[in-house]
Structures are given as C-alpha cells and as structure tokens.
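**Q** Shown below is the structure under consideration.
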Amino acid sequence: MFARLARHRELQYNLIRSHAAGVGTPLSPEKTRMLLALRINVLAKGHSGISLNTLNTLIAAFNASCLSMVPEQGSVGASGDLAPLAHLALGLLGEGEMWSPKTGWENANKVLEAHGLKPLKLSAKEGIALINGTQLITSLGAEAVERAYIIALQADVVAALTLEVLKGTSRAFDSDVQLIRPHKGQIEVARRLRALLHSEMYPSQIAESHRFCNRVQDAYTLRCCPQVHGIVHDTIDFVEGVITVEINSGTDNPIVFADRGEIISAGNFHGEYPAKALDYLAVGVHELASMSERRIERLVNPALSELPAFLVKDGGLNSGFMLAHCTAAALVSENKVLCHPASVDSLSTSAGTEDHVSMGGYAARKSLQVLDNVERVIAIELLAACQAIEFLRPLKTTVPLEEVYNVIRNSIRLRKKTAALEEVYNVVLHSLREIRAKLREGASQAAWTSGSNEDAEWLNEEEVEKPIEAKA
C-alpha cells in the first residue's frame, strides 16, 4: 500500500492510458466538444477531488476546441463511460491525437502547443476523476432529445399535409374530443393540426371540395395522429427530464464531500437512468416513422386514394414513388431491430466487481441511428405529399400548408430533372428545418388560423432548437 501511495502520480497517468481502450469510428468534433463540456460541468461541482489548475486546463481546451480523438465504442455504461472519457483525457495529457479548427487532426502535443496550452499535470485522485461518469451517454442523449423534439414537430406538420391531400377530415381533432382524454401531448398535437388545417379567412379549397362527401372517418394513421404522435411528444419530455437531471449530477466515484471531510465509494456512475430513458426515446420516436410509412402507402396506392398509382402520370414508363416507399419500409423495419433495448442486456466485467452494467453508450448511439431513419422516412412522406398536391391543382390548401409546399418545390427546382431520389431526399431533409422557421414567421398572420390565437400559439414557440444546457 505504501509503495502504491509513493507512486500515486504515476497511477493517475496509468489509469488514463490503460482505460483508453475504445474502438470504432471517432466521435465528431461537435460530439466530443459536448462530451468535454459535460465532463467540465460535473468536475466543477466539487465532488470529484480535482484541482482548480486541472479544471482550468479543461476549460481552456474547451474554449479553444482542442478535442481528443474519442472512439465511439467501448463503454458498458458502468463504471460510467470509462473508455471514452479516458480517450478524452488522453489528448489533454499530450498523447494520442487531437483536433482543433486551427490544426485539424494532429498529434495531441502539437495541437496543444498551437493554442498555447500545456499538457495536464495530474495529482492524486485526478486520473479516476477525469474518466468516471456518464458523460458519453448524456452528451449523445442530449443531442438525441433535441433532435427528437424537432423531428416530432416536423412529423405533425407532414401528417397534416398528407391528411389534406388524401382529403381527410379534421373533425377528429376537435378540442372537446381531446379534453375528455386530457393527455398533454395529445392535446398539443390536436391543437397543432387544427392550426395547420383550419383557416376561416383563407379556407382550404381542397377541404371545401369534399366537405359534403359520404366519408365518416379516416384510417387510424390519419385520425389517430393526436393519440400516437402525442405520446411521442410526452416521451420526449420525459426523457429530457431524465437527461437534464443526469447532466447536472455528480456521477463520479468515489465522491468527495469536503464539507464533511469524507470520501464515499458509491454508485452514481451507473448509467441505468439515461440508458433506460434513451431506449424509451428510440421506441417512442420510431412510432412516427411507423405511422409515416403507412401514410406513404396510402399516398401511392390508388385503391386507398384518388391519386394516380405511385404518384406519377406515366405509369409503366416511370416508377414514381414505388421505390421511395420501399426505402421507407426498409428504414422502418431496420428501426424495429434498433429499438430492442440495449439496457436489458448486462455482462459482468472487472473480475466480477462490476457485475451489472447499463449498456447506456449503445442505447445513446442507436437512439441517434433511429432518429436518422425516422427523419428520412418523414422526408419521403413530405416529398410524396407535395407530389400528390400537384394532382389536386388548381385547388389550394391552407396558407401554412401552402408555405410548406412552396419551401419544398422551391428547393427541388434547383435540382436536375434526372437527379436520383437520394439527392432529392437530402434537399428535403434540409428543407424540413426551413419549413419550421417559415411557420413560426407566419404565425402572427390571421390567415394562418381559424380565428383562434390559442391554436396558433405553438407556431410561435421559441423552444424548437433549444439545447439542453449544463448548469455549472
């Protein structure tokens, strides 16, 4: 024991070097910077036993965007995200590779020198303090929550446009219907759909064209949007709460209580909370793609709509959206596998001491994969709905939905006629964010609403692109 204490400085460096054992694709600089920010936030709480000099060096590296190479694989989510955080610390020791805007990827020592920074000099406890915590899970999880929030809003807008071109009814979104089953998300989605579909000043000509038809109700993927999309919004809110608590918590081990003069070995490093929450997020958000794919089927299937097969005039010569729908189906099927919870698995590690782990690192990574696929499916639906509206011209829809249509059509016109659909998808994915901005800009116009400012309030929300901020 005395020999170990005499070599405590050497131990700090050995901990980082030996634990930097991750593999796989490096995190992007943006993701690594978030990882560093959250680690700084935890260390600043004063329960990690780290010196002020070390903390200030981390802050200086963050401000200069000197970011270590961090492989994305290797964490089991308890004892924290040891391997990724060890890689994060390794560059700050002047070892391995780092990236900065000034140098690009380069030897860590050279990157630090280019920014006037010196490698860390570690004292007792600082090695483990730098690498023990759930910051990989929560940094990726914070990104997932923010993206999920935006995607869920986009899904509501696209669903409204699809309902319109399929000549569905908005009666199911009546406010009194929602109030007798008052789930928060359900009420919000129904209100959002009403704001998009109702306009007394400039009513939808498409809706007027079938006002007196014999149809009583629509398919579930149209009629039940408030119920299905609503729980997704509520899921995102729940997960945001868990991740927000986690990123602002002391997740080190052992934990230092200076005011009590005690050091306690405990379990705050265990990633079960964010792991379970992010598995839940993936399951919830996937449902948006599941609904969207079924609506795409209704758009391309003439037996389920009054539209040409696969939304193309020259059937046979052109396949239209036939394979676009196949792509959506493939993405939804892939998500069904990705939605299997990572956190239901556990393998004993560290010679049986760490005998239950969260697998939260993978829960976080695959939640982002699920979100990528969901966004692509929604982009396909949006493109199909805009194509479908062409067959209903000269009839027009409501002002906000016409704005959605215009954003897409103006973007697509910039592409060559022979462009593959894959290229078009990328344009649409970028346009989805522009659509949200356009809707917010126009929210104050009376033409956007049915005379109810309450229904249109969501368009003015300023929380769309809010980051989950760490509280130092």
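**Q** Could you please tell me which pairs satisfy a Cβ distance under 9 Å, a separation of 6+ or placement on different chains, a first residue in segment 101-115 that is under 12 Å from L67 (Cβ atoms) and among the hydroxyl-bearing types (S, T, Y), and a second residue that is at pLDDT 95 or above and surrounded by fewer than 15 Cβ atoms within 10 Å (Cβ to Cβ)?
**A** Listed by first residue and then by second, the contacts come to T103/K110.
**Q** Can you report the number of residues in segment 35-68 which are crowded, with 19+ Cβ neighbours inside 10 Å, more than 25 Å from D259 (Cβ to Cβ) and either in contact with a strand residue (DSSP E or B) (Cβ under 6 Å, 6 or more places away or on another chain) or among the acidic types (D, E) (or both)?
**A** 3
**Q** Being surrounded by fewer than 20 Cβ atoms within 10 Å (Cβ to Cβ), of a type in the set (K, R) and not assigned by TED's automatic domain parsing to the domain that holds E72 is true for just one of R192, R181. Which residue is that?
**A** Of R192, R181, the one residue that is surrounded by fewer than 20 Cβ atoms within 10 Å (Cβ to Cβ), of a type in the set (K, R) and not assigned by TED's automatic domain parsing to the domain that holds E72 is R181.
**Q** Give me the pairs: first residue in segment 339-357 and within 20 Å of P274 (Cα to Cα), second residue among the aromatic types (F, W, Y) and outside any loop (DSSP other than H, G, I, E, B), beta-carbon distance under 8 Å, and six or more apart or on different chains, which are they?
**A** Correct list of pairs: A342/Y362.
**Q** Looking only at segment 183-229, filter to residues that are assigned to a loop (DSSP other than H, G, I, E, B) and under 30 Å from L281 (Cα atoms); which one of those is farthest from the chain's Cα centre (by Cα)?
**A** Selected residue: D218.
**Q** Farther than 27 Å from Y362 by Cα and either in contact (Cβ under 8 Å) with a residue 60 or more places away in the chain or not assigned by TED's automatic domain parsing to the domain that holds H233 (or both): which single residue out of A152, A124 fits that description?
**A** A124
**Q** Does segment 44-57 contain any residue that is more than 18 Å from E126 (Cα to Cα) and either among the basic types (K, R) or out of contact with any helix residue (DSSP H, G or I) (no Cβ under 9 Å at 6 or more places or on another chain) (or both)?
**A** Checked against the condition, which is being more than 18 Å from E126 (Cα to Cα) and either among the basic types (K, R) or out of contact with any helix residue (DSSP H, G or I) (no Cβ under 9 Å at 6 or more places or on another chain) (or both), segment 44-57 yields no hits at all.
**Q** Would you check which residues across segment 295-309 are surrounded by fewer than 19 Cβ atoms within 10 Å (Cβ to Cβ), assigned to a helix (DSSP H, G or I) and touching a helix residue (DSSP H, G or I) at 6+ places or on another chain (Cβ under 7 Å) and list them?
**A** E297, P302, L304, A309
The rows are residues; the columns are (1) polar (S, T, N, Q); (2) modelled with pLDDT under 95; (3) in the same structural domain as D156 (by TED's automatic domain parsing).
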residue	(1), (2), (3)
H198	no, yes, yes
D218	no, yes, yes
I231	no, no, yes
T235	yes, no, yes
V242	no, no, yes
A258	no, yes, yes
I264	no, no, yes
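**Q** Take segment 233-282 and flag every residue that is of a type in the set (S, T, N, Q), within 18 Å of the chain's Cα centre (by Cα), farther than 20 Å from P341 by Cβ and surrounded by 21 or more Cβ atoms within 10 Å (Cβ to Cβ).
**A** Result: no residue meets the conditions.
**Q** I've got another one for you. Please pick out the residue among E246, E200 that is out of contact with any strand residue (DSSP E or B) (no Cβ under 9 Å at 6 or more places or on another chain) and farther than 23 Å from S175 by Cα.
**A** Selected residue: E246, the only one of E246, E200 that is out of contact with any strand residue (DSSP E or B) (no Cβ under 9 Å at 6 or more places or on another chain) and farther than 23 Å from S175 by Cα.
**Q** Would you be able to say whether some residue in segment 417-426 is modelled with pLDDT of 90 or more, of a type outside the set (G, A, S) and part of a helix (DSSP H, G or I)?
**A** no
**Q** Can I236 be described as closer than 30 Å to A385 by Cβ, touching a Leu at 6+ places or on another chain (Cβ under 6 Å), part of a helix (DSSP H, G or I) and not hydroxyl-bearing (S, T, Y)?
**A** no
**Q** For the structure I just gave you, tell me whether D372 is within 27 Å of the chain's Cα centre (by Cα), surrounded by fewer than 18 Cβ atoms within 10 Å (Cβ to Cβ) and closer than 24 Å to G80 by Cβ.
**A** The answer is no for D372.
**Q** If you check every pair at least six apart or on different chains, which have Cβ atoms under 6 Å apart with a residue in segment 43-69 that is outside the structural domain of F269 (by TED's automatic domain parsing) first and a residue that is of a type in the set (F, W, Y) and modelled with pLDDT of 95 or more second?
**A** L67/W99
**Q** Also: Could you tell me whether segment 140-155 includes any residue that is at positive phi, surrounded by fewer than 23 Cβ atoms within 10 Å (Cβ to Cβ) and touching a helix residue (DSSP H, G or I) at 6+ places or on another chain (Cβ under 8 Å)?
**A** Scanning segment 140-155, I find no residue that is at positive phi, surrounded by fewer than 23 Cβ atoms within 10 Å (Cβ to Cβ) and touching a helix residue (DSSP H, G or I) at 6+ places or on another chain (Cβ under 8 Å), so the answer is no.
**Q** Checking A207 against (1) crowded, with 17+ Cβ neighbours inside 10 Å; (2) within 17 Å of E143 (Cα to Cα), which single condition isn't satisfied?
**A** It fails just one condition, (2).
The values are calculated or read from the model by the stated rules, or taken from the named source; none is laboratory data. These figures come from a predicted structure and were not determined experimentally. A quick note on method: Cβ atoms are made from the backbone with ideal geometry, for glycine too, and the neighbour counts reach across all protein chains shown.
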